Amino acid sequence: QRQLVESGGGLVQAGGSLRLSCAASGTNFNINYMGWYRQAPGKERELVATITSGGTTNYADSVKGRFTISRENAKNTVYLLMNSLKPEDTATYYCNAKSVWDTLYWGQGTQVTVSS
């Protein structure tokens, strides 16, 4: 069974840092693209950052310069290093992966809360 398992969320003060991890498990996953999305209460899910298997990254304007996405292809793991966190970064963060056959997978979500 293929699944994504996230970890690393929590409560942090404004200006602090957190690192999220997402590990993909299962046979023949053949992941191409991986990314992070977030959803705050009452809002739609939005893209945070993505990274291809070749290392090309893309960031939402709201997190550019503060967040860094990276991945270890051999481990099918993607990370999101979040620095200079703001209260408006508070959300449930979801890991996302797309296989080479365009099949989408989602993690269960991890809560990030930034206090002011």
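Among beta bridges identified by DSSP and lying wholly in the chain, the antiparallel ones come to about 90 percent.
When only DSSP loop residues count, what trypsin sites (Lys or Arg not before Pro) in region 52-112 have their Cβ near at most 15 other Cβ atoms within 10 Å?
Loop-located and lightly packed - Lys64, Arg66.
Neighbours of Leu81 by Cβ distance under 11 Å: Lys/Arg scored +1, Asp/Glu scored -1, total +2.
Counting Lys and Arg as +1 and Asp and Glu as -1, what is the net charge of the other residues whose Cβ lies under 12 Å from the Cβ of Val48?
On the way: positive: Arg38, Arg45, Lys64, Arg66; negative: Glu46, Asp61, Asp89.
Net of charged neighbours comes to +1.
Counting only lysines at least 8 places from Lys98 when in the same chain, those with an alpha carbon closer than 19 Å to its own are Lys75.
Taken together, the values in this text are just the output of simple stated rules run on the coordinates, not laboratory data. Computed from a predicted model, the values in this text were never measured in an experiment. Every residue, glycine among them, receives a Cβ derived from its backbone with ideal geometry; neighbour counts consider all protein chains shown.
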